[in-house]
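The values are calculated or read from the model by the stated rules, or taken from the named source; none is laboratory data. All of these numbers come straight from a predicted model, not from anything done at the bench. Virtual Cβ from ideal backbone geometry, glycine too; neighbours counted across all protein chains shown. Each accessible area value is taken on the protein alone, full model and side chains, heavy atoms only, with ligands, DNA and RNA left out. Shrake-Rupley method; radii C 1.70, N 1.55, O 1.52, S 1.80 Å.
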Amino acid sequence: MRAFRYERAVDTWDAVGKFRHGTAYLGGGTNLVDLMRLGVAEPDRLVDVSRLPHDQIEETADGGLRVGAAVRNSDLAAHPLVRERYPMLARAVLAGASGQVRNMATVGGNLLQRTRCTYFQDPSMPCNKRVPRSGCPAVSEDHKNLAILGHSAGSAVECVATHPSDMAVALTALDARVHSSGPGGTRVIPMPGLHRLPGSEPGRDTVLEPGELITAVELPPPPAGRSTYRKVRERASFAFALVSVAALLDVADDGTVRTCRVAVGGVAHVPWRAFSAERAMAGVQATAASFRRAAEEELRNAVPLERNRYKVTLARNLIAASLEELVP
Ligand SMILES: Cc1cc2nc3c(=O)[nH]c(=O)nc-3n(C[C@H](O)[C@H](O)[C@H](O)COP(=O)(O)OP(=O)(O)OC[C@H]3O[C@@H](n4cnc5c(N)ncnc54)[C@H](O)[C@@H]3O)c2cc1C
Ligand code: SF4
């Protein structure tokens, strides 16, 4: 591992002021330190933001919640207001990693964790995300767990990586807003909107600029209806999603859908908001057949690779089953 300096920031602007080329913010370190050990990340300075006063979960004036970026994943999942008002989020967080990792991992770090594509994590291999225009072996080799939507296979700068966070999928379905502070000032970034598709710059996972620090995530008031988070993975714990679904459904007394929200994990470079499925569900009867049609609508744009075609079927079935679970 390359030598680096370690500094602890005392507040937001101290952290931003300490940032310069070669610096990385350190949350719980559960992803960044692994990548440093592997030689994938080589910052020469770490600015520790895990002890900034961003460790509170507070109610907002409009009935939502403001979650500080330094809140640990375990504390988020266990918070009574999160469990009561946003059960989908608590379930998503608990579906990720292990108890020990969740005790360390922060909300900010979870959103910005990097892809688990095996070539990205191996500096001896080419990878367009790690080394611009070096190539993407995943497209012709191991892409079993990688993207079926929104990827850039076949383009000049290929990348078929997926975003690994479970929490981000739930936050995307909940229309969360990310608060940040950086050299350019403060701003609020809607989800979806924080993460980006690979396009011609697969190295950029998000729209954040260098030095931009996530300070909080704001949840709007809890939407009416029932919600769930389902995750399909290779093992029952300690495994990333092959496909996951965060779904919310509000059904009127006459059986028609008032609100339907769906976000899908494990299928794209971003937590994928299933807008086509949502449009297909607007005002229709909440039946197994309509859920199935909506899921098919969403997957119509899928471009699977040779060895991840199974994800199209899996995502379609998981969207439909998740919505069916929510019918009162
Ligand atoms: C064995 C294992 C299994 C796992 N399984 C899952 C899983 O199933 N699902 C899942 O979702 N996750 C899983 N994880 C990932 C885990 O959730 C992440 O490692 C963790 O959430 C990252 O949070 P952190 O605070 O430790 O981030 P760090 O490792 O400290 O940082 C991650 C990135 O975010 C940046 N950063 C951190 N905080 C901020 C901030 N406030 N503002 C701007 N940038 C910031 C860092 O510079 C770095 O680039 C697993 C991890 C391990 C080790
Ligand atoms: S899929 Fe993306 S992260 Fe994986 S090897 Fe290709 S460019 Fe790198």
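Computed quantities for the displayed model
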read-out	value
Nearest-10 value in Å² for the accessible area of Val157, using the 1.4 Å probe	10
Whole-Hz couplings from phi, Karplus 6.51/-1.76/1.60, listed for segment 43-60; x for Gly and Pro	x, 9, 8, 10, 10, 6, 10, 6, 10, 5, x, 10, 10, 10, 10, 10, 6, 9
Accessible area of Met191 in the full protein assembly, 1.4 Å probe (Å², nearest 10)	10
Euclidean distance between Cα centres, segment 45-77 to segment 187-229, Å	15
Sum of side-chain charges, Val312 neighbourhood, beta-carbon under 14 Å (Lys, Arg +1; Asp, Glu -1)	+3
Using θ = phi - 60° and Karplus 6.51 cos²θ - 1.76 cosθ + 1.60, couplings along segment 238-253 (whole Hz; Gly, Pro as x)	6, 9, 6, 6, 6, 8, 9, 9, 9, 9, 9, 9, 10, 10, 6, 4
Per residue solvent-accessible surface (Å²) - the chain, probe of 1.4 Å	43
Accessible area of Val33 in the full protein assembly, 1.4 Å probe (Å², nearest 10)	40
R0 of 51 Å, Cβ-Cβ distance Thr259-Asp122: FRET efficiency to nearest 0.05	0.75
Positive-pole candidate from Gly99, Ala70, Cys127, dipole of segment 66-142, charges at beta carbon	Ala70
Order of exposure, largest accessible area first, which applies to Asp166, Asp34 with probe 1.4 Å	Asp34, Asp166
Percent RCO, i.e. relative contact order, over segment 148-258, from Cα pairs under 8 Å lying at least 6 residues apart	24
Mean separation of Cα contacts under 8 Å, 6 or more apart, over the residue count of the chain: relative contact order %	17
Semi-axes of the equivalent ellipsoid for the chain, Cα gyration tensor, largest first, Å	32, 26, 16
Approximate spin-label separation Arg83-Asp62, in nm, with each point projected 7 Å along Cα-to-Cβ	2.8
Percent accessible area from carbon and sulfur atoms, segment 126-230, protein chains only, probe 1.4 Å	53
Environment charge at Tyr6 (Cβ cut-off 10 Å; Lys +1, Arg +1, Asp -1, Glu -1)	+1
Charge dipole magnitude, Cβ of K and R +1, D and E -1 - segment 224-318, Cα centre, debye nearest 20	360
Segment 260-314, accessible surface, carbon-and-sulfur percent (1.4 angstrom probe)	53
Positive minus negative residues near Ser181 (Lys, Arg vs Asp, Glu; Cβ under 15 Å)	-1
Accessible area, probe 1.4 Å, largest first, for residues Lys129, Lys144	Lys144, Lys129
Accessible heavy-atom area order of Glu58, Glu7, highest first, probe of 1.4 Å	Glu58, Glu7
